[in-house]
Amino acid sequence: MKVETLLDPGPVEPVDKSIPQTKFVTEQPLKVGLPQTPANNIPAEELFLPSGIDPYDRRFGGLVLNSLNLFQTSDYESGIAALGSFITNGLINGERVTLASFQHPKHLLYKLSLYGFSDLDTYLENEQLVYLYYKPFFEKSLSLSLDYGRMFDEITKISSCGIKRVALDNCEALFNKQSHQLAKSSAIKLLLAAERREFTTLGTFVNERIDSDNDLDKVCSSTMTSFTKIDKQVVQQKDLYRFLVEKSPNICFNNAMIIELKVGHGFVRV
């Protein structure tokens with residue numbers, strides 16, 4: 001089992017048995033009916049990778065292949081569900097996947113289980129899923145040095161060969177938010193480091209509506225190849241999320257849609 005456990009996480013809350021622990025089931029990657037890029041008419045499956053969020057993939061084609069894709073969320077739960085969907089879609093289709101986080105595995109895997117992603121231990125055991133746990137000080141040193149190539153080199157080396165997907169949790173920690181120029185510089189360097197790889201990366205981060213996060217929002221909108229905002233809207237006791245695609249090579253006139261998040265089922269079409 002490849003799991004980096006570099007720091008004692010302390011006590012972990014027990015799993016609430018009253019919460020459904022059903023396994024997440026996602027559809028197979030779409031092979032037909034995906035949008036095409038008008039500029040060169042290349043089939044979308046050669047440009048995009050399914051995110052595992054079926055309504056999103058059907059509307060927008062998925063995530064940009066072999067590049068960095070960012071989801072900015074209004075709450076941590078939707079980011080967890082998005083990463084779980086992305087990871088599971090790859091695993092059930094035989095792909096090798098790496099999950100990198102500043103959170104201890106016990107904490108993050110517990111949170112993933114609350115949304116139905118409760119069978120990841122099996123994939124960790126057979127090393128189809130690799131969990132990289134970074135110490136807290138690495139977060140600060142990396143964002144200040146902007147040496148993202150080192151991080152992706154480490155991911156490639158530890159994960160061995162053949163990884164197709166990399167999931168980055170809490171990736172706002174990778175940006176230097178001390179100023180607008182530093183945030184922009186770190187975003188560009190992070191994108192360039194990710195694009196030199198043979199795997200597709202999905203990173204999520206929460207916008208807490210503070211000045212530095214709002215500035216990061218603007219930076220990502222202007223620099224990233226693929227950037228989507230996810231905002232929560234509770235309607236009649238349902239957790240609905242508005243997906244707004246700010247940047248994507250697959251330009252759509254209607255770049256927003258509403259998707260529901262259900263415990264044990266992930267994101268589903270409303």
Task: Inter-probe distance in nm under a simple model that places probes 7 Å from Cα toward Cβ, at Val268 and Gln178 - done: 4.8 nm
TODO: Quick one: plug the Kirkwood hydrodynamic radius of segment 44-269 (C-alpha pairs) into Stokes-Einstein at 4 °C, 1.567 mPa s, and report D in µm²/s.
DONE: 74 µm²/s
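Cα-Cα over 29 Å: which of Lys106/Lys218; Lys177/Lys247; Lys106/Lys164; Lys157/Lys229; Lys106/Lys232; Lys111/Lys238?
Numbers: Lys106/Lys218 33 Å; Lys177/Lys247 21 Å; Lys106/Lys164 24 Å; Lys157/Lys229 31 Å; Lys106/Lys232 26 Å; Lys111/Lys238 20 Å.
In this structure, Lys106/Lys218; Lys157/Lys229 exceed 29 Å between Cα atoms.
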- [ ] Can you tell me how much longer the chain between Lys135 and Gln233 gets when fully stretched, taken as 0.36 nm per residue apart minus their C-alpha distance, in nm with one decimal?
- [x] 31.9 nm
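Read-outs: derived from the displayed coordinates by stated rules, not from any lab. Nothing here was measured: the structure is a model prediction, and the numbers come from that model. Virtual Cβ from ideal backbone geometry, glycine too; neighbours counted across all protein chains shown.
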